[in-house]
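Structure, as structure tokens:
The values are calculated or read from the model by the stated rules, or taken from the named source; none is laboratory data. Keep in mind the model is a prediction, meaning the values are calculated, not measured. When we count neighbours, we look across all protein chains shown, and the Cβ atoms used for this are built from the backbone with ideal geometry, even at glycine.
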């Protein structure tokens, strides 16, 4: 019994001595440059690049460092972090893990490059110290007992800022806070972002305010689970999607609500088209290819006004109702890739008055095609001979319909309806201006040009003071139908100028 008691006591002493020796060995290793080098190597391996920490400062098991730097060779180019504090769970060492808890960072800068031809900008921004091999060393025979696994329980970042270079331009963000916690399985991390401002290369929305966002990193993919942004005066944008960090492929789905159409269109249109706007969209992209944007747009209770084309329709119809249209329906589907924009399922309607349906393709400023149908209620053009029998035909929804083709460019659009309506309208849409003695378009007072006069003359309508137009209108229009067939080349030659007179010359673009 005495031998057993002394043996037990000796065993306890040896165990205590071993624990003290192991504790001091681990403590010494954690405070060495070997541990800092190992931690930098593991971080760089995870992020697929080179990483390094400034020297650690210890206070018990709390540790701080002034700076962390990372330089990557793929899309994630640069990470710089400053003001880093954390604590180490020493108890986890006996389980074979370096568990680092409660990591707090004062500031983080992130730079990404998702262009087809990456720049070396990131390499010139920071200095990377040699990170070493990232293995446990300097502990002699205790190497086999030291952990080879690093575990992080959570990260809090007070401020994140940075930018991402894309083929479409530079995205940047600032004043965003973040938290990162491990997911339910290894290699999964949940991310939460809050606050801050995002600047985009998009002309439509150049600035966004982030309310909150939640994401998840797993399997070399970042998934944006949900996000909410403020834009314009009162718009709300919600987005979700995913990014392949290694492949560079990405896709996002979103909705826009609370915006107004006048906030997103060109300045010279803002007083012409007004109303609440709703948009659903999906955008996809990958390195070396143009992003593909598609979706649908809807304007609720919109108003279309102050357009030269509406003045022309009002002149044709001999009514002012077309000068301001309350839109009972206004929607379309859109697709954009590179300079090509497809607008499909276009539907514009003013209840009980007019309806427009069709599609259009734009390549840059060129209208590659525009095929539409225009519908009006019966009786609108009843006073124009042939307008509701030859130009417009009865169809669905109780409207009279006619086709409309648009071509040319955005600056010089051309359409094929005017000549048919001129033939039906005669001189009803024109009036003499006593002050000048010139003929002008009703309601606008715009003097007609020589090209319009040429078309009318070729159709047998001569605009001269004192001519009895009303009495001779029937004969002139009948004669004009035959003359138009004989002088088709002259009509085409003068058509472009006539469109200016009928639909108004476009306002010059501003830079």
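So here's what we get for this one:
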item	result
Residues (assigned to a strand (DSSP E or B) and exposed (fewer than 15 other Cβ atoms within 10 Å of the Cβ)) located in the stretch 226-236	226, 228
Qualifying positions in the stretch 365-421 - assigned to a loop (DSSP other than H, G, I, E, B) and free of Cβ contacts under 8 Å to residues at least 60 places away in the same chain	365, 377, 378, 379, 382, 392, 395, 399, 416, 417
Residues that are modelled with pLDDT of 90 or more, under 15 Å from residue 222 (Cα atoms) and surrounded by fewer than 16 Cβ atoms within 10 Å (Cβ to Cβ), drawn from the stretch 180-210	192
Residues of the stretch 258-298 classified as farther than 30 Å from residue 166 by Cβ, in contact with a helix residue (DSSP H, G or I) (Cβ under 6 Å, 6 or more places away or on another chain) and part of a strand (DSSP E or B), total	2
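Residue-by-condition table, conditions (1) closer than 28 Å to residue 371 by Cβ; (2) under 45 Å from the mean Cα position of the chain (by Cα); (3) crowded, with 18+ Cβ neighbours inside 10 Å; (4) modelled with pLDDT of 65 or more:
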{"residue": "390", "(1), (2), (3), (4)": "yes, yes, no, yes"}
{"residue": "394", "(1), (2), (3), (4)": "yes, yes, no, yes"}
{"residue": "397", "(1), (2), (3), (4)": "yes, yes, no, yes"}
{"residue": "400", "(1), (2), (3), (4)": "yes, yes, yes, yes"}
{"residue": "405", "(1), (2), (3), (4)": "yes, yes, no, yes"}
{"residue": "413", "(1), (2), (3), (4)": "yes, yes, no, yes"}
{"residue": "435", "(1), (2), (3), (4)": "no, no, no, no"}
{"residue": "438", "(1), (2), (3), (4)": "no, no, no, yes"}
{"residue": "445", "(1), (2), (3), (4)": "no, yes, no, no"}
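To keep it simple, each residue is scored yes or no on (1) on the phi > 0 side of the Ramachandran plot; (2) at pLDDT below 85.
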position	(1), (2)
267	no, yes
270	no, yes
275	yes, no
291	no, yes
298	no, no
303	no, no
